[in-house]
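To start, the structure under review is shown below, and the notes come after it.
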Amino acid sequence: MERDPLGGNQNPEKRGKLTLMTEKLGFRDPELAKRVAKRIQELAPMKGTVKICHVCGTHEWTITHYGIRSLLPSNVEVIAGPGCPVCIVPASEIDEAVQLSLKGVTLTCFGDVLRVPGSKMSLLDAKAKGADVRIVYGVSDAVEIAKKEQDKEFVFFAVGFETTAPSTAVEVSHKPPKNLSFLISHRVIPPAMKMLAEMEDLNLNGFIAPGHVSTIIGLEPYEIFPKTYGMPTVVAGFEPLDILFAIHMITKQLNEGDPILENEYTRAVRWEGNVKAQGLMQEVFDVEDGRWRGLGTIPLSKFVLRKRYVAYDAQSKYDTKIEEGIDLQPGCRCHLVIIGKIKPTECPLFMKACTPQNPVGACMVSVEGTCRVWAKITSSLPQKT
Amino acid sequence: MKMCLAIPARVISKKEDKAQVDFGGGVLREVNVTLVEAKVGDYVLVHAGYAIQVVDEKEALETISLWNEILSVETKIQKNGAS
């Protein structure tokens, strides 16, 4: 049975009603998909290549799972940018979390973060050494646990893009218990897209902007891409047809020579985004230059707690600040996969030394990492005998 | 969990900043609704235990019919243009 890309129950009868509804409405209709694909064929240029970049792990999942690339003309390429929030956490920040956990602080984090390699060890390695590292579903669970166990000190490792940052902002601004502080690793997506747009050797022609980040930030932050870089930019949802519609919109804009910003995901994304969430993020966070694993420092791309919330800042509270870490293990080419410069299959370690069971790079660890997504598909293909 | 993923669920009941939501098939969960103005009966996108946006059902319905129309018109223009 096919998996549900919305992550729900495998049994269609038990899936979320809206998931069923969007499916019934035709967001997975193969006939409509064929018609859109045919139009994309007609709109694609006769000469040259069109290179479209998305920046979301779930977009990569939909594209790979539904074989979207096989429906496209050979000169329309869709590449995966740095859209996996766990993959881009630099080793130095994993090292900080590891150090805190080894000092005896109880560390709460999302499950995906557990196996991400630090310079020397992951949080899972720290756990094996006796550190108290606990997986939570969200920051509210971290708050509840800290309230229940007041004799212990807790740190929540806050990883994620603008989709996740508002939940951290809610809890920080609602007076969390004093025995809980936050190691903030949140990142802002548009500055990373700007960096990709400016990479001359990447030659991108358009962006599929991330749907769920956009429910929060709205459309305005993407305006610079068509205006300054001449790149068609389309915010898209996560059903296979959402992606095909977005590719149609981009190729059409390129065909007409008129790059604009468009919203395909109108059922969830409004122009202004989620104003309340933006207000809370502004109240709680400052924005600073931040390191991204394998990408170096990106200007104004990292959330940090404002001074008024310093009591909840784990770095200050425990005097833990690690500047440098080892982002790439020997042979790992995550830094090239993460910007779509090479495909996972072009990395010599892929599915040899680096597998989902024994990941070497961060891109193979997270379920949203490009290598991990590709590993799943590669392993389900019939094996050559 | 996938960290750029948000799953739609219907609001069953609401009390202050908490709501019971239905992911379908009787999968109920309490989520934080501080970030959205959701009413009972609305669909919300849930990410890491927080509703991050209200889903517009009407827009979902309209998207597909709009695309059917766009493709029909474009195909017609293409055919006429080619003849």
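Below is a table of values for the structure above.
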read-out: Relative packing of peptides A:118-127, A:306-315 - highest average C-beta neighbours within 10 Å first; value: A:118-127, A:306-315
read-out: Rg(Cα) / (2.2 N^0.38 Å) computed for chain A, rounded to two decimals; value: 0.99
read-out: Segment A:334-378 - percent relative contact order, Cα under 8 Å, separation 6 or more; value: 33 percent
read-out: At 0.692 mPa s and 37 °C, Stokes D of segment A:230-383 from Kirkwood alpha-carbon radius, µm² per second; value: 170 µm²/s
read-out: In degrees, nearest ten, helix A:275-284 long axis to first principal axis of chain A (Cα); value: 40 degrees
read-out: Loop-located GluC sites (Glu not before Pro) in segment A:287-385 whose Cβ has at most 15 other Cβ within 10 Å (DSSP); value: A:GLU323, A:GLU324
read-out: Relative contact order [Cα under 8 Å, 6+ residues apart], chain A, whole percent; value: 21 percent
read-out: Ascending count of other beta-carbon atoms within 10 Å, so fewest first, for A:CYS347, A:CYS87; value: A:CYS347, A:CYS87
read-out: Sites matching GluC sites (Glu not before Pro) across segment B:9-80 that sit in DSSP coil, with at most 13 neighbouring C-beta atoms within 10 Å; value: B:GLU16, B:GLU37
read-out: Neighbour cut-off at most 16 other Cβ (10 Å), DSSP loop, chymotrypsin sites (Phe, Trp or Tyr not before Pro), segment A:160-246; value: none
read-out: Rounded to 10°, Cα long-axis angle of helix A:370-380 versus longest principal axis of chain A; value: 60 degrees
read-out: Separation of alpha-carbon centers, segment B:57-80 and segment A:214-266, rounded to whole Å; value: 17 Å
read-out: Computed over segment B:7-82: relative contact order in percent, which uses C-alpha pairs under 8 Å that are six or more apart; value: 23 percent
read-out: 10 Å binning of all Cα-Cα separations within segment B:7-82, expressed as whole percents from 0 upward; value: 19, 37, 16, 13, 11, 4, 0
read-out: Dimensionless Rg over Rh [segment A:134-211; C-alpha; Kirkwood]; value: 1.17
read-out: Stokes-Einstein D (µm²/s) once Rh is taken as the Kirkwood radius of segment A:276-352 over alpha-carbon pairs, at 20 °C in 1.002 mPa s; value: 140 µm²/s
read-out: Dipole magnitude of segment B:7-82, debye to nearest 20 (Cβ charges: Lys/Arg +1, Asp/Glu -1, about Cα centre); value: 140 debye
read-out: Pairwise centroid distance, computed over Cα atoms, of segment A:139-154 with segment A:179-207, Å; value: 31 Å
read-out: Selected from A:THR49, A:THR108, A:THR228 as most flexible by GNM, with chain A as the system and alpha-carbon contacts under 10 Å; value: A:THR228
read-out: R0 of 60 Å, Cβ-Cβ distance A:LYS147-B:ASN80: FRET efficiency to nearest 0.05; value: 0.30
read-out: Per-residue mean of C-beta atoms belonging to partner chains within 10 Å, peptide A:265-275; value: 5
read-out: Unit charges on C-beta of K, R, D, E only; dipole of the protein assembly as shown, Debye; value: 920 debye
read-out: Principal-axis tilt of helix A:240-256 within chain A, Cα atoms, nearest 10 degrees; value: 60 degrees
read-out: Options A:VAL133, A:PRO190, A:GLY160, ranked by Cα towards positive dipole end of segment A:57-195, top entry (Cβ charges); value: A:VAL133
read-out: Debye equation applied to the C-alpha atoms of segment A:334-378, log10 I(q)/I(0) at 0.15, 0.22, 0.24 Å⁻¹; value: -0.26, -0.59, -0.72
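Bear in mind these aren't lab numbers, they're just calculated from the coordinates by the rules spelled out. Just so it is clear, the structure is predicted and the values come from calculations on it, not from any experiment. Every residue, glycine as well, gets a Cβ built from its backbone with ideal geometry; the counts of neighbours run over all protein chains shown.
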